[in-house]
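Enquirer: One structure, pasted below without further comment.
Each reported figure results from applying straightforward, stated rules to the coordinates on display, with no laboratory input. Because the structure is predicted, anything quoted here is derived from the model rather than measured. Don't worry about glycine lacking a Cβ; one is built from the backbone with ideal geometry, like all the others, and counts go over all protein chains shown.
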Amino acid sequence: MLSPKDTALVGWPTYLGALGAFNAYEPTYDRLDPKGNRSAADFATKAAEAGGRVKFAYLSVDFANPTGETLDRAAREAVIDLADQADIAIIEDAAYQTLRFDGEPIPPILALEIARKGSIEACRTLYCGSFSKSLAPGLRVGWICAASEIISRLVLMKQAADLHSSTVNQIVTHKVASTIFAPHVAKLRATYMARRDHLLAALAREMPEGVEWTKTEGGMFVWVTLPAGMDGADLLAQSLKTERVAFVPGRAFYADGSNGNTLRLSFSCANEAQIDEGMKRLGRLIRTNR
């Protein structure tokens, strides 16, 4: 979809892996506003000034990486409106959708668009997901739901890129997903929810005044905003030397490299004792840098 100087609309922040994939095609980025406060004409004008056209909007709507935030239904509907007006695709990253702990599920953008237009063949959304977050990271099996014309082109691209994903991995994924998926994911949600709750409690207990964080309803991540002037990358360098706590500095998730006073915490792999000790050390480090 992208050629050099074309524009991709992305979240601010957004998934750094997506930025890495898009960067190979030398695009321009513009800030996607899911609440619809910017018009399609505005995006098009800015894209033309950069030397290209707006090609798609990329977003993760459930428990987004890195913020953990979820788009409400009105914002999802607004994204469809924008895409129709701008005649662009929507890339909906649903990697974490099954990992909901609290609240009511919201239909994916693709489901909302199908309800409007009557058929997936009339939709512009590419609904992408992964079994690596819900079954096993090592299998590296994902999926896409989209109009058949899009899928046929993606099949050819996949053939050219790597001659398809491992057949054995696909067979294993199909077997597990069709037999024990529901109870497995239920167990996963319970485990992750307990770790999420423990992390939020540890943050409230250990973080100094001026530090803020998101309260995700699912997924794997909590997004932390540090006091103004503090840089997450500098903090990480210090942390690895003195406190031995790792996290991802927030600047990497911004297409323009801004907002250095942020960081992403993941609670998926840490047990409760590690969470307690890690937040104690991180809070101590932040206090010494204020």
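Enquirer: Can you work out ³J(HN,Hα) from phi for every residue in the stretch 124-137, in order, using Karplus 6.51 cos²θ - 1.76 cosθ + 1.60 and θ = phi - 60°, giving whole Hz and x for Gly and Pro?
Expert: Here the 3J(HN,Hα) series is 9, 8, 9, 9, 10, x, 8, 7, 5, 8, 10, 10, 7, x Hz.
Enquirer: Give the Rg (one decimal place) followed by the Dmax (whole number) of the stretch 7-166, computed from C-alpha coordinates and expressed in Å.
Expert: Over the stretch 7-166's Cα set, Rg and Dmax evaluate to 15.7, 44 Å.
Enquirer: Using Cα atoms only, what is the angle between the long axis of helix 181-206 and the major principal axis of the chain, expressed in degrees (0 to 90) to the nearest 10?
Expert: So the inclination is approximately 40 degrees.
Enquirer: Now a separate question. Could you tell me which of the pairs Lys5/Lys215; Lys35/Lys117; Lys117/Lys187; Lys35/Lys187; Lys187/Lys241; Lys117/Lys175 are separated by over 25 angstrom between their Cα atoms in the structure shown?
Expert: Among Lys5/Lys215; Lys35/Lys117; Lys117/Lys187; Lys35/Lys187; Lys187/Lys241; Lys117/Lys175, the Cα-Cα distance tops 25 Å for Lys5/Lys215; Lys117/Lys187; Lys35/Lys187; Lys187/Lys241; Lys117/Lys175.
Enquirer: What aspartates and glutamates sit close enough to Lys46 to cross-link, taking a C-alpha to C-alpha distance under 12 Å and skipping anything fewer than 8 places away on the same chain?
Expert: Straight-distance partners of Lys46: Asp6, Asp30.
Enquirer: Under 5 Å between amide H atoms, partner at least 5 residues away or on a different chain: which partners does Thr262 have, H built in plane at 1.01 Å?
Expert: So Thr262 has HN proximity to Leu226, Gly232, Gly250, Arg251.
Enquirer: For the stretch 71-82, in order, what is each residue's ³J(HN,Hα) by Karplus, 6.51 cos²θ - 1.76 cosθ + 1.60 with θ = phi - 60°, in whole Hz (x at glycine and Pro)?
Expert: Once θ is set to phi - 60°, the couplings for the stretch 71-82 become 7, 6, 5, 4, 5, 5, 5, 5, 5, 4, 4, 4 Hz.
Enquirer: In the stretch 117-148, which residues have a backbone nitrogen under 17 Å from the label point lying 7 Å from Lys158's Cα in the Cα-to-Cβ direction?
Expert: Taking a point 7 Å out along Cα→Cβ of Lys158, the residues of the stretch 117-148 whose backbone N falls under 17 Å are 126-133, 139-148.
Enquirer: Next up: How big is the charge dipole of the stretch 139-290 about its Cα centre, in debye rounded to the nearest 20, if each Lys and Arg gets +1 on its Cβ and each Asp and Glu gets -1 on its Cβ?
Expert: Around 320 debye, computed over the stretch 139-290.
Enquirer: Ratio to report: Rg/Rh of the stretch 43-101, with Cα atoms as the point set and Rh obtained by the Kirkwood method; give two decimals.
Expert: Dividing the radius of gyration by the Kirkwood radius yields 1.06.
Enquirer: Quick one: putting +1 on the C-beta of Lys and Arg, -1 on the C-beta of Asp and Glu, what dipole do you get for the stretch 7-166 around its Cα centre, in Debye to the nearest 20?
Expert: My answer is approximately 260 debye.
Enquirer: Would you pull out the residues with amide H under 5 Å of Ile91's amide H, same chain only if 5 or more places away, H placed 1.01 Å from N?
Expert: Those qualifying (amide H under 5 Å, at least 5 residues apart or on another chain) are Ala57, Tyr58, Leu59, Leu126.
Enquirer: Could you derive backbone 3J(HN,Hα) for the stretch 250-255 from the dihedral phi with the Karplus parameters 6.51, -1.76 and 1.60 (θ = phi - 60°), listing whole Hz in sequence and x where the residue is Gly or Pro?
Expert: Those phi angles translate into x, 4, 5, 8, 9, 4 Hz.
Enquirer: Please report, to two decimal places, log10 I(q)/I(0) for the chain at q = 0.12, 0.13, 0.16 Å⁻¹ as given by the Debye formula with identical point scatterers on the Cα atoms and no solvent.
Expert: -0.87, -1.01, -1.39
Enquirer: For the stretch 198-290, run through the GluC sites (Glu not before Pro) and keep only the ones in DSSP coil with at most 13 other Cβ atoms within 10 Å of their Cβ.
Expert: Glu209
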